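Asker: Before we start, here is the structure in question, set down as structure tokens.
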Amino acid sequence: MATRRIAEILRNAQPQEQVTIKGWVRTARELKEFTFVEVNDGSFLANLQVVLDGSLANYDTLLQEITTGASVEISGVLVESPAKGQRIELKASEVRVYGGADPETYPLQKKRHSFEFLRTIGHLRSRTNTIGAVFRVRNACAAAIHQFFQERGFLWVHTPIITANDCEGAGELFSVTSFNLKNIPLTPQQTVDYTQDFFGKPAYLTVSGQLEAEIMAMAFRDVYTFGPTFRAENSNTSRHLAEFWMIEPEMAFCDLEGNMQLAEEFLKFVFASVLEACPEDMEFFNQRINNTVLETAQNIIHNQFERITYTEAIRLLEKADKKFEYPVNWGLDLQSEHERYLAEDLFKKPVIVTDYPVEIKAFYMRLSDDEKTVRAMDVLAPNIGEIIGGSQREERLEILEKRIQAQGMNPEDLWWYLELRRYGTVPHAGFGLGFERLVQFMTGMSNIRDVIPFPRAPLTIEF
Ligand code: 4AD
Ligand code: MG
């Protein structure tokens, strides 16, 4: 008999159906004449309850083997459940235990574990309710993102992980070295030179696929990337990772207005899709993690985002009846506390801040006529702060050259980027969404390390 997934059984199956399931035991509760076993296969928040009747052939040995963490295959018939809170349960007729789990040493106990503790057992934490729900929502988010762009005719382009450029110009780069251990006759006296570069040229792990996405947009008009990005940012915060995933749409023949519109439609679409795909998981987050999760989702879907300029933002922050740790002054970058004040306390919804001072933004952003600001936009979200960063790009060759030089970069290194302005240049715009920040925002999880399966952050590299 084909194995069925527990999500599908709990949603659709009817009493009297014969089914086979495969999964891991969450708990086993032994009563006088039978044993209740809760089985989870990762497809659903709830477990399927299985009843092992004392009359089963191998009942006594089974009881020894069926402990929390064991892997099992169970066949039987579905029956109406007399228990509260569940529609059906499985009356087992055949049970196979693939691998046991010693209850003395299995790290996941029935009690609630802290997320800090779960991070120390990254290889097992996906078997818990919360982390399981996070990764299902993460998956639904990714699927919704692709659906959004594909339905609008955007081409998914694969930009390189290893690059020669520092897109953000912030110097937060991991460098790539090209030693080949096979070719190095290592003796105990010899050491490897880890400072060698990539086959004779400097190379880095990408901080953003934007510049390459711009190349592709100049042929396909609307493109997007969805891939890993890296920042050698030694910041131990609940919002930063050294390796995170970014979604970067880039659109030719588009200005800042079109960019803002896309960002807003995009977030609305993704929230609505995930609510539809994972209602139980979202309900769970609302009950157990943060009781504003569902309200926030409705707020995103139904309310227009606020739009203000950086200059207005500074004015609002100066007027705020709140003491900030960092100074507020025209020309200084907004800190996370400022961003959160605007989105959380003042507007209580996402805020798009535009037109930042030229000095604090990257070289590629389009200079405005005032020559003091650039056509930048950051989307600030309640609880998170910056979730999206983007801009209209500088499409004018001479101005771009000057901006590159002003930032102390060498225009020759970006000759190909400049040529895009020499041949068929066009106004264009795009943005980058931090995927983990989105998942955090959606689930209410407080630490970004708990929304990515294998977090890379200072001092956390286990695998
Ligand atoms: O604002 P950022 O640095 O913008 C760019 O990289 C542009 N090239 C994007 C573009 O226009 N195509 O990063 C974009 C987003 C941020 O808003 C934030 O959500 C996320 O990426 N992000 C991080 N997420 C987790 N950990 C980090 N260290 C992050 N740094 C940025
Ligand atoms: Mg940014």
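The values are calculated or read from the model by the stated rules, or taken from the named source; none is laboratory data. Quantities reported herein were computed from a predicted structural model and do not represent experimental measurements. Cβ atoms come from the backbone with ideal geometry, glycine included; neighbour counts cover every protein chain shown. We work out accessible area using only protein heavy atoms, side chains counted, and drop any ligands, DNA or RNA first. Shrake-Rupley method; radii C 1.70, N 1.55, O 1.52, S 1.80 Å.
Asker: Specify whether the C-alpha gyration tensor of the range 205-320 places it in the rounded, prolate or oblate class, a ≥ b ≥ c being the square roots of the eigenvalues: rounded for a/c under 1.5, otherwise prolate if a/b is larger than b/c and oblate if not. Provide the component values of the computation, followed by the final result.
Answerer: Numbers: a/c = 1.37, a/b = 1.28, b/c = 1.07.
In terms of gyration-tensor shape, rounded.
Asker: Straight-line reach from K349: which lysines fall under 27 Å, measuring Cα to Cα and dropping same-chain residues less than 8 apart?
Answerer: The qualifying lysines are K268, K319, K322, K323, K361.
Asker: Still on this structure, I have one more. Can you tell me the orientation of helix 310-319 relative to the chain, as the angle in degrees between its alpha-carbon axis and the longest Cα principal axis, to the nearest 10?
Answerer: Roughly 70 degrees between the two axes.
Asker: Right, next: Roughly how many percent of the accessible protein surface of the chain is carbon and sulfur, given a 1.4 Å probe and a whole-percent answer? Please report the intermediate quantities before stating the final value.
Answerer: Numbers: 11600 of 22910 Å².
Carbon plus sulfur share of accessible area: 51 percent.
Asker: Here is a follow-up. Can you give the charge dipole size of the range 325-463 about its Cα centre, rounded to the nearest 20 debye, using +1 on the beta carbon of Lys and Arg and -1 on the beta carbon of Asp and Glu?
Answerer: It comes to approximately 340 debye.
Asker: Can you give me the convex hull volume of the Cα atoms of the range 6-106, divided per residue and expressed in Å³? Kindly include the intermediate steps, with their values, before the conclusion.
Answerer: Working: hull volume 9.9 nm³, N = 101.
Normalising the Cα hull of the range 6-106 by residue number yields 98 Å³.
Asker: Output the 0 to 90 degree angle, nearest 10, between the alpha-carbon long axis of helix 293-302 and the longest principal axis computed from the alpha carbons of the chain.
Answerer: The helix 293-302 is inclined about 50 degrees to the chain.
Asker: Could you give the distance between the Cα centres of the range 202-218 and the range 305-366, to the whole Å?
Answerer: 27
Asker: Let me ask something else. Using just the helices of the chain, give the 222 nm mean residue ellipticity in deg cm²/dmol: DSSP H runs with n ≥ 4 each add -39,500 (n - 2.57), and the total is spread over all residues, rounded to 500. Intermediate values should be presented prior to the final figure.
Answerer: Values: 13 runs with 137 residues, N = 463.
Computed ellipticity for the chain at 222 nm equals -9000 deg cm²/dmol.
Asker: What are the lysines whose alpha-carbon lies under 17 Å from the alpha-carbon of K91, with same-chain residues fewer than 8 places away excluded?
Answerer: By straight Cα distance, K91 reaches K22, K32.
Asker: Compare the Cα positions of L48, I452, V439 along the charge dipole of the chain (+1 at Cβ of Lys, Arg; -1 at Cβ of Asp, Glu; about the Cα centre) and return the one farthest towards the positive end.
Answerer: Projecting each Cα onto the dipole axis, the largest value belongs to L48.
Asker: Another one. Tell me the per residue accessible area of the chain using a 1.4 Å probe; a whole number in Å² is fine. Numbers along the way, then the final one.
Answerer: Values: 22910 Å² over 463 residues.
On a per-residue basis, 49 Å².
Asker: Taking amide H positions as placed in the peptide plane 1.01 Å from N, state which residues far from A232 in sequence (5 or more) or on other chains have amide H under 5 Å from it.
Answerer: Hits under the 5 Å cutoff: L173, F174.
Asker: With the cut-off at 1.5 for a/c, could you classify the chain from its C-alpha gyration tensor as rounded, prolate or oblate?
Answerer: Working: a/c = 2.31, a/b = 1.74, b/c = 1.33.
Prolate, because a/c is 1.5 or more and a/b exceeds b/c.
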